[in-house]
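> Quick one: the structure is below, questions incoming.
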Amino acid sequence: PSLREALRALSMMNVVEIRQGDGTYVTSLEPDLLVEHLDFVISLDNSTLHHLFEVRRILEVGIAGLAAQRASDAQIAGLEELFDESVECQNDAAAFLQIDLAMHELMAEATGNPLLRRVMASMSRMGLASRSRTGASQSVRERTVADHRAIVAAIKTHDADAAARAMLDHLNHVEQSL
């Protein structure tokens, strides 16, 4: 019974796939599959949201600094384009959310570190619950636009310290809105 419960838990976490009458198989262990179930947990527990922001501060502040050091002209142009789109769709929470995710993903890509990009993709998936909650507020979207303006400007000038500070300010503002 204990083994059966453990296998059932691993199956719910997408670590193994149980095939009736055939056996139990390890999945591909893709990070996105492993964190898929966490959206629900994060959406229910406010203390988990605060833990998520701790992780985001550790990761995304560093990512912003590295992106400022390493971003190509094309990536900077992409960030500016996404920023302009975010300004245009401030009144559309769903579209704004998608652009916000794309901006953070492009910053991770600009680091040139594929592992950071994968970790951020997983973090973004876990953070959908909190982003949906905060993004529903017009005032948070307006503040996010101002924060993103500062982040993009710092990355454009390749100022790693300013980019890191701007990202920290942004994450603190968003967490305060929760």
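The values are calculated or read from the model by the stated rules, or taken from the named source; none is laboratory data. What you are looking at is a predicted structure, and each value in this text was computed from that prediction instead of being measured. Because the Cβ atoms are built from the backbone with ideal geometry, glycine has one as well, and the counts that use them run over all protein chains shown. The area values use the complete protein model at the heavy-atom level, side chains included, leaving out ligands, DNA and RNA. Shrake-Rupley method; radii C 1.70, N 1.55, O 1.52, S 1.80 Å.
> Taking the conditions exactly as written (touching a Pro at 6+ places or on another chain (Cβ under 9 Å) and closer than 25 Å to L178 by Cβ), does A150 satisfy them or not?
no
> Oh, and also: Has segment 128-141 got at least one residue that is at pLDDT 95 or above and in contact with a Leu (Cβ under 7 Å, 6 or more places away or on another chain)? Can you show your working first?
Kept after step one, since they are at pLDDT 95 or above, are these residues of segment 128-141: none.
Within segment 128-141, none of the residues are at pLDDT 95 or above and in contact with a Leu (Cβ under 7 Å, 6 or more places away or on another chain).
> Quick check: is even one residue across segment 139-151 in contact (Cβ under 8 Å) with a residue 24 or more places away in the chain, under 27 Å from S47 (Cβ atoms), open to solvent by 50 Å² or more (accessible area, probe 1.4 Å) and aliphatic (A, V, I, L, M)?
Scanning segment 139-151, I find no residue that is in contact (Cβ under 8 Å) with a residue 24 or more places away in the chain, under 27 Å from S47 (Cβ atoms), open to solvent by 50 Å² or more (accessible area, probe 1.4 Å) and aliphatic (A, V, I, L, M), so the answer is no.
> Related question: Pick from E109, E54: which is part of a helix (DSSP H, G or I) and surrounded by 14 or more Cβ atoms within 10 Å (Cβ to Cβ)?
Values: E54 fails: surrounded by 14 or more Cβ atoms within 10 Å (Cβ to Cβ).
Exactly one residue qualifies, and that residue is E109.
> Just need a number here: residues in segment 112-130 that are closer than 22 Å to L66 by Cβ and open to solvent by less than 50 Å² (accessible area, probe 1.4 Å).
First, the residues of segment 112-130 that are closer than 22 Å to L66 by Cβ: 112-127.
Now drop any that are not open to solvent by less than 50 Å² (accessible area, probe 1.4 Å), which leaves 116, 120-124, 126-127.
So the answer is 8.
> Here is a follow-up. Do we find a residue being surrounded by 15 or more Cβ atoms within 10 Å (Cβ to Cβ), part of a helix (DSSP H, G or I), of a type in the set (F, W, Y) and more than 16 Å from the chain's Cα centre (by Cα) anywhere in segment 88-102?
no
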